[in-house]
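Here's the structure we're looking at; comments come further down.
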Amino acid sequence: MSSAVFTATALTKTYVSGEVQVRALNQVDLEIDEEEVVVLLGPSGSGKTTLLNIMGGLDRPTSGKLFFRDLDLTSLDDREITKYRRDHVGFVFQFYNLVPSLTAYENVALVTEIASQPMLPDEALALVGLEGRMHHFPAQLSGGEQQRVAIARAIAKRPAVLLCDEPTGALDSKTGIRVIDALLGVNRQLGTTTVIITHNASIQQVADRVLYFADGRISRIQKNETRRDAAELVW
Ligand code: ADP
Ligand code: MG
């Protein structure tokens, strides 16, 4: 058994709209290890979201292979990929997508009601430092706090992987650092493999590895000897 969570081989995605073809991912080979924190950096349009969505079972590659542990994601039908996503994947997006009429606690409980071995909402919210804000509504929370509720919601089902698409994109540096700190805390305490897309080059310091994207390919991989804490980040 390898310790890879994801193994991609020649992973390719071509979008076709009318006469135009866009090769969003071009023959990407990649392994991501259990418990790793990986940051994806690169210009807009370089394929980062496409890769994240394929890993999360939200999109399908045009060719190539992608394994989640021993499971060949590229061979699954729609029902199986939905089950894969539900059982193993947490998502965090730039905009938090909380239900405004529900409290933080209730937003997390929405997910734990349908998961098989979830945490209690209190436990998930405590993991991101929001034990004192459980009964607040989204409008009563700062952007950074709302994003931490979204992280609690994503991890309450104890997913193997947490896929984050520009999670600090809408935040100022202070709250952004607190959000990164929450992601690292989840990774430490639950061992959740974490992939973070960002435009903010300083976030690369918290990663085990940084993957640089250009034109649908990984142009460079940087391995960090030591991983910094969020508190050490210079934004
Ligand atoms: P990034 O996240 O690095 O900004 P994306 O993965 O979103 O890049 O996009 C990679 C390329 O694929 C871009 O040229 C983008 O316009 C194109 N693309 C992404 N999604 C679609 C889609 N659903 N239909 C057509 N083209 C798309
Ligand atoms: Mg993107």
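The values are calculated or read from the model by the stated rules, or taken from the named source; none is laboratory data. All values derive from a computational prediction rather than experimental measurement. Note that each Cβ is placed from the backbone with ideal geometry, even for glycine, and that neighbours are counted across all protein chains shown.
Going by what's in this entry, would residue 6 be described as closer than 24 Å to residue 221 by Cα, touching a His at 6+ places or on another chain (Cβ under 7 Å) and modelled with pLDDT of 95 or more? For residue 6, the condition - closer than 24 Å to residue 221 by Cα, touching a His at 6+ places or on another chain (Cβ under 7 Å) and modelled with pLDDT of 95 or more - is not met.
Look at region 54-68 and say how many of its residues are without any contact (Cβ under 8 Å) to a residue 60 or more places away in the chain and either small (Gly, Ala, Ser) or surrounded by fewer than 20 Cβ atoms within 10 Å (Cβ to Cβ) (or both). Here the count works out to 8. Kindly check whether there is at least one residue in region 202-218 that is touching a residue at least 60 places away in the same chain (Cβ under 8 Å), within 16 Å of ligand 1 (Cβ to nearest atom), under 12 Å from the mean Cα position of the chain (by Cα) and crowded, with 23+ Cβ neighbours inside 10 Å. The answer is no, given that none of the residues of region 202-218 is touching a residue at least 60 places away in the same chain (Cβ under 8 Å), within 16 Å of ligand 1 (Cβ to nearest atom), under 12 Å from the mean Cα position of the chain (by Cα) and crowded, with 23+ Cβ neighbours inside 10 Å.
Residues that are surrounded by 15 or more Cβ atoms within 10 Å (Cβ to Cβ), outside any helix (DSSP H, G or I) and within 20 Å of the chain's Cα centre (by Cα) within region 83-129 comprise 89, 90, 91, 92, 93, 94, 96, 98, 118, 119, 128, 129, listed in sequence order. Just wondering, is there one or more residues in region 10-31 that are at pLDDT 95 or above and within 14 Å of the chain's Cα centre (by Cα)? Within region 10-31, not a single residue is at pLDDT 95 or above and within 14 Å of the chain's Cα centre (by Cα).
How many residues are surrounded by fewer than 20 Cβ atoms within 10 Å (Cβ to Cβ), part of a strand (DSSP E or B) and within 10 Å of ligand 2 (Cβ to nearest atom) if we restrict to region 21-51? The total comes to 0.
If you go through region 151-174 and keep only what is in a helix (DSSP H, G or I) and surrounded by fewer than 24 Cβ atoms within 10 Å (Cβ to Cβ), you end up with 173, 174.
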